[in-house]
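Undergrad: Encoded as structure tokens, here's the structure I'll be asking about.
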Amino acid sequence: MISRIWHGWTTPANADAYEALLRAEIFVGIEQHDIPGFRRIQLLRRPAGPEVEFVTIMEFDSIEAVRQFAGEDYEAAVVPPKARAILARFDARSQHYEIKVGAA
């Protein structure tokens with residue numbers, strides 16, 4: 001299993017709108033694509049000084065499944081235009097980790 005981790009930051013004024021966009025459009029769109037090997041996505045949120053930080057954690061069966069989602073340059077961030085308009089900044093590249101132990 002592979003965990004894909006990505007960070008984005010926005011202003012406190014835009015944080016609720018960004019979260020709503022993720023929940024209503026972006027995550028739904030990812031799930032509707034029925035990507036072989038995609039398992040789940042998680043959203044984390046926290047205040048970070050003058051910004052609000054968001055972390056997405058996606059789980060895939062393999063790097064090949066990640067490529068099905070992100071393309072050949074699978075480390076490149078996948079950030080739709082609507083999200084880019086709300087975010088103040090974001091990671092240009094995602095990090096990928098092999099999940100060695102998982103608890104239910």
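Undergrad: Using each residue's phi in segment 49-63, evaluate 6.51 cos²θ - 1.76 cosθ + 1.60 at θ = phi - 60° and report the 3J(HN,Hα) Karplus result to the nearest Hz, with x for Gly and Pro.
TA: Result, rounded to whole Hz: x, x, 10, 10, 9, 10, 10, 10, 10, 10, 10, 10, 5, 7, 5.
Undergrad: Next question. Report the charge-dipole magnitude of the chain in Debye, nearest 20, computed about the Cα centre from +1 at each Lys and Arg Cβ and -1 at each Asp and Glu Cβ.
TA: Values: 12 positive and 15 negative charges, 49 e Å.
So the magnitude is around 240 debye.
Undergrad: Given 4 °C and 1.567 mPa s, compute D for the chain with the Stokes-Einstein relation, Rh being the Kirkwood radius over Cα pairs; round to the nearest whole µm²/s.
TA: 91 µm²/s
Undergrad: Please give the peptides 5-15, 33-43 ranked by average Cβ packing (other Cβ atoms within 10 Å per residue), highest first, as a rough proxy for protection.
TA: Per-residue mean Cβ counts within 10 Å order the peptides as 5-15, 33-43.
Undergrad: Right, next: Given A20, I57, W6, which one lies farthest toward the positive end of the charge dipole of the chain, if we put +1 on the Cβ of every Lys and Arg and -1 on the Cβ of every Asp and Glu?
TA: A20
Undergrad: Same structure again: What 222 nm value per residue comes from the helices of the chain, counting each DSSP H run with n ≥ 4 as -39,500 (n - 2.57) and dividing by all residues, nearest 500 deg cm²/dmol?
TA: Rounded to the nearest 500, it is -7500 deg cm²/dmol.
Undergrad: Between Q32 and V78, how many nm apart are label points set 7 Å from Cα along the C-beta direction?
TA: So the label points at Q32 and V78 sit 1.5 nm apart.
Undergrad: Still on this structure, I have one more. Report the calculated FRET efficiency for E25 and R93 (r = Cβ-Cβ distance, R0 = 25 Å), to the nearest 0.05.
TA: Between E25 and R93 the formula returns 0.65.
Undergrad: Using only Cα atoms and rounding to the nearest 10 degrees, what angle (0 to 90) does helix 12-21 make with the longest principal axis of the chain?
TA: The two axes meet at around 40 degrees.
Read-outs: derived from the displayed coordinates by stated rules, not from any lab. All figures in this text were calculated on a predicted structure; none of them were measured in a lab. Counting neighbours? That spans all protein chains shown, and the Cβs are built from the backbone with ideal geometry, glycine included.
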